[in-house]
Structures are given as structure tokens and as C-alpha cells.
Amino acid sequence: MTAVIDVRNVIKRYGVGDAAIFALNDVSLSIEQGEYVAIMGPSGSGKSTLMNIMGALDNVTAGEYFLDGIDVSSLGENELSIVRGRKIGFIFQSFNLVPRTSALANVELPLAYQGIKLKERRMRALKALDLVGLSDRVNHEPTELSGGQQQRAAVARALVTRPALLLADEPTGALDSKSTEDLLDLFDQINEAGRTVVVITHENDVAARAKRIIRMRDGKIIEDVLNAKKIA
Amino acid sequence: MNIFEIIRFAIRGLIANGLRSALTTLGILIGVGSVIVLTAVGNGSSKAISSSIEKLGTNTITVQRGGGGFGPSARNRQGATKPLTVADTIALVDPVMAPHIKQAAPVANASGVTCTNGAESSSPSTFSGTWPAYFEASNTPVHIGTYFTNDDVTEGRRVAVIGKTTATELFGTDSPISKVVQCGGIPFTVVGVADTKGSNGFQDGDSLLIAPVTAVQRTLTGYQSLSSIIVQAKSAAVQDLAQNEIQAILDPRHLVKSDATRDYRLLNQASLLQTTTDTNQVFTVLLAAVAAISLLVGGIGITNIMLVTVVERTREIGIRKAIGAPRSAILGQFLIEATILSLLGGVLGVIAGFVGSHFTIVGVKPVIVPSSVFLAFGVSVLIGLFFGGYPASRAASLRPIEALRHE
Ligand SMILES: Nc1ncnc2c1ncn2[C@@H]1O[C@H](COP(=O)(O)OP(=O)(O)O)[C@@H](O)[C@H]1O
Ligand SMILES: [Mg+2]
């Protein structure tokens, strides 16, 4: 099996001199196709920074990162955009929906950028919105949606391209326990279909659904274990 | 992603940011429109002045009281000046002494006279007493009715030819012929209405009343001095000869010893044109400066809104890149948004400029300068494109995470 994610001795430093912060301090991590990984750790431990690098949204200070065997540092910004669109579905901590644009248009957007025709992408977007239970809100703009509904629109947008890799940064932060349960069921399904899921969370019951749990502290991985209950 | 999709995205983006789009369009509209109208006003007034001078006729010489006109030293001459009189005018019409003068007419202007017809009133900007020769010499043909005659002058009859504006103000659409108007309390019978002359930029040429000089002098101006004498040379070619003859006749009558002590001056079309061209040039430069400033202000407005737009939407650009937008799609969207706004604002501005130039502004009928339309349109569209496109291209090459952090 090829590693979807291959992080080698990565350092991410913010600032210089005395003010320098090592958000990631020599992190190495390999995630194979079809894994379901939870990344845990206290606030400020570098989880979001790691996700941004895995998603090719940010560059590294030192070290190497291979996405699907490709050295990300060798790609230009335009190629990276296209790679992100085709391979990765992002669910951000702060939703990141396009403002003043309906939920439907938001979910259609990644399909449009892939050049998929209007009719097909409308159909797929409606299906994805249905999957997250937002069928009755498709024409609402982000400001007309609750936090939980915005999060679900963001999930629909991440899933609509059927990405091989799903990266989610605290996706359940804005959700009640019922919606959390629904979303985790969805992740299970996606993972069962053979796709890779990486979830950042600080909730134990969210992490409990993953097959592998990584713990971070001060920019380092301090624990990397398989979830015995799930593997069995 | 094809171009039509990108255009749809751009239109959707413009609608989503409706108020900002409207303000940008308005900024461009005002910039373009004001440049067109301002230059049209400048051009219109200069056109009007030239044409009103041309209307005077090329072989007309005006004799005015006072020195100057042919040299700076004339202004410094000492001593009293003799008035221009009807007797001077009569002396000028002399086939022996002045073979190149076709005719001459005295002009006695009464200022600030208000004429009334019942409740209606009108104050002609030109209220002149003269001879019938004036109509040909000053190129003022009568359109309706008749001229007054030499007989009317001799008898001092209170008859008048009025201009179109004066006729309308006093009589509306009724015919003024044979009606009596009271001017400064004196009754004048209207015998004719002059052809339309138009405005010369400073004065309405149709706000006019012309009556026999005898009647005007007796009732309104008195006999001290004429305002001017209008002289018509036999042809434009002999104008210089006619001028020499005028001086040969008037110099002894006015006891003029040298050019420096001459107490009257001669104005012909060439000298009038020269003066007004100079005045006009100042005026045009002034208006061009105002236009340039309004274009600059408009341009800064456009730049400002475009920059704010891109800064505000940098985060959005980050989101779009994170979900797979190629650089071309983002750049295309923002460029097309900027193009649509600039073109829309530009076209509306041109329309506004054309509409605005239809109205008479401070007495001037604006005449559009074609190059101002292209310049104003081109500059605003280029500014719109550059300041819409350049920051967008910078934002499009940011790492998405940097754009996303942007608040
Ligand atoms: N843009 C930035 N500039 C400076 N420091 C940053 C920046 N982003 C993150 N950091 C710092 O890097 C560390 C890791 O941040 P982050 O990855 O967001 O942690 P987590 O997601 O685990 O809470 C923190 O100390 C944070 O303050
Ligand atoms: Mg975080």
C-alpha cells in the first residue's frame, strides 16, 4: 500500500529569534490509504498546523512532505489548487463557506472548479446536502444558517467531490450530540468505502471512532496507537 | 471550467456584493460623465463665441470710444476724449472721402431698460438705437415683419425690431407685430422680429430690441455720446483701406495728432477673434484642468473601491483555492467583475455625459469633444481593470492559508 500522507521530519516555525514558535518540531508521520486517524492534543499543540501542511495549504519550514507520493514542494501554487480540488476534502474549524453565497452554490463550487457540468453538479450537490440533512436549507446564505447548519454545509462541500482524503479540523465543535453522532456515522461510511479520513478533535468519543489515534504536545507527536476496540 | 462559467461566477459575485458594485459603477459614471460635460461646455462656449463673431460679417468695422486697440501707448494718452456722435457717422458716409465704406450706422445702447406688455416683462440684453443700415452691417436680418425705415429715423418714430427671446418673453406664442410695448415707460410699436442669432457664451443674442437712434436718444440715452459706430466696408478685401479712410475722416474731427492720442479705436473681426481666442484659451485650459481633476478623483474612487474589494475578498480567494480553484478561474472572475463594472460605469457615464450635454449650462450649449469621450472612457476602464486585476492576481498567488488568515 502507498502512503497517502508521508510527513518526514517536518518543522514549522513562526517568527524568528527569541519570538520563534515551533508549531511543529520534527514531526514524522505516515498515513496509508483507507486509514481512519484521529489527531488529539491540547490547544496550541500544532494540530491545525499539521492539518494545513497535510492539506498542502501551507508550506514547511524544513523537512519533506509527500502527498500520494508527490513532493508537494515541487508543485506550483496553481497545480496545488488543482491537486487539492481533486484529492482532498477539507472541513475547517471555522467552516470557511463563501460569504453571501447560498449553501447549494457553496457545495457546487468545488465541482465547478473541476469543470463538471451544471446539471450534474447541481444533482450531486443536492445529494450531498441531503446526506448531511440540509435539504430544506439549500438556498440559504451562510449568515442565515446556524453554526451547526453551516458546519453541515461545509461537510457536504468536502464530500461532494468524493475525495480520497478527508481532512477535518474539529468538525464536531459546533454540533449537538445528535448531529455529532450523524456526522461520525457518515465518516464511518466514507472510510468503509476505502477513503482516508483524518479528524482533529479533543473529544474522546469522537476519537474513539477512529482506528488510529495520534496525540500531540508542543509541536511533537507523543503517542501514536491503534484503537484496539476498532481493530478487533 | 470554461469562460461562460467564469462569467457567471463574476456576475454572481457582483450581485452578491450589490451595494459595492453599485458604488463602483457610480464612481466611474460620475468621473466619465463630468469630464465629457465639462469639456463640452468649454468647447460649446468657444464655438458659440467664434460663430457669433463670424455672424458679425467679415467686412464690419466697429468704432468705439476710447484709445487702444492698435498699441499699448494709446492707453496712456493724456487729455479728454471727444464723444462719438451721429455727426461722425454722417461724415463717414462720404463716397468721395471714403470710397470703400459701403455704409455706417450709429449705435446708442440703453442699458438696464425693462420692457413690459401688460403683465409680461423682459429686459433685452441689447437695447440699441440705430439706423436701418445696422441690420445689414451687423448681420441681423428680420425674420417676421419689416425693418424700420430711414423715414422712421428722421421722424423719430417709436418703432422697434425685437429679438426672438424678447418676443417670446413679452408675447409668448402670439405675434408681436403691430403691438405696443412699454420700455422704460416709453411706448414702442413692434414692426419686426429678428432672425435667431443664438448665444455667444456670455449673452443671449436674441434678447434684443433695435429702434431708430433718434427715438432712443430722445427718450432714453440722451445725446452725449454713441456707444459705437458700426461701419461696413465694401468687401472684406478692402477692409484695411476702409479703416484708413475712417481714421482720415475721424482724426481731424477728434483733433487727433498722432496714433498715440487717438481717442477712439477700431475693432474688426480679426482683432475681435484674436481677443476672444485668447480668452477662450484660458477658459479651455481651466476646464481641462477641472476635467482632469474630476477624472483623477473618479480614478482614485475606482482604485479605492477595487482595492477594498480585493482586500475584503482575500479570505474568499483563500477558500476558493482550498477547494480547488485554479489561478485562472480566480483571476478570470475578478478581472471580469472589474471589466463589467468599468464598462458598465463607463457606458453609463458616456450616456450621462451625452444627456447632460443636451442641457444649456450657464447659458452655454455644450458641444461634445469626441476625444474627451474616448479619453474619459478609456482611462476609467483601464484604471478599473488594472486596480481590479492586479491585487486579485497578487491574492490569487498567495498560499491559501495566508489568504484564509486574512481578516
Ligand atoms: N500564523 C501564525 N503565526 C504565529 N504563530 C502561529 C500561527 N499559527 C499558529 N501559531 C502558533 O503555533 C502553535 C500551534 O498552533 P495550532 O496549530 O493552531 O494549534 P492547535 O490547532 O493544536 O490548537 C500555537 O502556539 C500557535 O500560537
Ligand atoms: Mg486548531
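The values are calculated or read from the model by the stated rules, or taken from the named source; none is laboratory data. Everything quoted here is computed from the prediction, not taken from an experiment. All Cβ positions, glycine included, derive from the backbone under ideal geometry; neighbour counts span all protein chains shown. With ligands, DNA and RNA removed, areas are computed over all heavy atoms of the protein, side chains included. Shrake-Rupley method; radii C 1.70, N 1.55, O 1.52, S 1.80 Å.
Between residue B:3 and residue B:293, the simple label model (points 7 Å from Cα in the Cβ direction) yields a spacing of 4.2 nm.
The orientation-averaged projected area of the convex hull spanned by the Cα atoms of chain A comes to 13.1 nm². Taking amide H as placed 1.01 Å from N in the peptide plane, the amide H of residue B:103 sits under 5 Å from that of B:232, each at least 5 places away or on another chain. Taking all protein chains together and a 1.4 Å probe, the residues B:148, B:283 rank B:283, B:148 from largest to smallest accessible area.
How much of the DSSP bridge set in segment B:101-236 is antiparallel, in percent, rounded to the nearest 5? All intermediate terms of the calculation are to be shown ahead of the outcome.
Working: 23 of 32 bridges.
Roughly 70 percent of the beta bridges in segment B:101-236 run antiparallel, per DSSP.
Values of log10 I(q)/I(0) for segment B:101-236 across q = 0.11 Å⁻¹ run -0.34, by the Debye formula with one identical scatterer at each alpha carbon and no solvent. Remark: segment B:84-171 is approximated by an ellipsoid whose semi-axes, taken from the C-alpha gyration tensor as √(5λ), come to 28, 14, 12 Å, largest first.
Just to confirm the filter: which trypsin sites (Lys or Arg not before Pro) across segment B:216-325 are DSSP coil and have at most 16 other Cβ within 10 angstrom of their Cβ? Numbers along the way, then the final one.
Numbers: sites: B:218, B:234, B:253, B:257, B:262, B:265, B:313, B:315, B:320, B:321; in loops: B:234, B:257, B:262, B:313.
Those satisfying the criteria are B:234, B:257.
A simple rule links phi to the HN-Hα coupling: the Karplus curve 6.51 cos²θ - 1.76 cosθ + 1.60 with θ = phi - 60°, which for segment B:237-242 gives 5, 9, 4, 5, 4, 4 Hz, with x for Gly and Pro.
Explain nothing, just the number: relative contact order of chain B, from Cα pairs under 8 Å at least 6 residues apart, as a whole percent.
Details: 761 pairs, mean separation 124.6, N = 407.
Relative CO of chain B lands at 31 percent.
Counting only C-alpha contacts under 8 Å and six or more residues apart, can you give the relative contact order of segment B:101-236 as a whole percent? Don't skip to the end; give the middle numbers.
Details: 316 pairs, mean separation 51.9, N = 136.
Relative contact order comes out at 38 percent.
Mean per-residue shielding of peptide B:325-337 is 3, counting Cβ atoms of other chains within 10 Å of each Cβ. Computed with a 1.4 Å probe on the full set of protein chains, the accessible area for residue B:20 sits at about 40 Å².
Roughly how many Å² of residue B:147 are accessible to a 1.4 Å probe, to the nearest 10? Accessible area of residue B:147: about 100 Å².
Can you sort A:218, A:68 by 1.4 Å-probe accessible area, starting with the largest?
A:218, A:68
Among the trypsin sites (Lys or Arg not before Pro) within segment A:1-71, not one is in coil by DSSP while having at most 12 neighbouring Cβ atoms inside 10 Å.
Wrap a convex hull around the Cα atoms of segment B:220-267, take a quarter of its surface area, and give that in square nanometres.
4.3 nm²
For residue A:217, the residues whose amide H sits under 5 Å from its own are A:222, ignoring neighbours fewer than 5 places away on the same chain, with H placed 1.01 Å from N. Using a Gaussian network model of chain A in which every pair of alpha carbons under 10 angstrom is joined by a spring, one finds that among A:52, A:191, A:204 the greatest mean-square fluctuation is at A:204. Look at the alpha carbon pairs under 8 Å that are at least 6 residues apart: their mean separation over the length of chain A gives a relative contact order of 28 percent.
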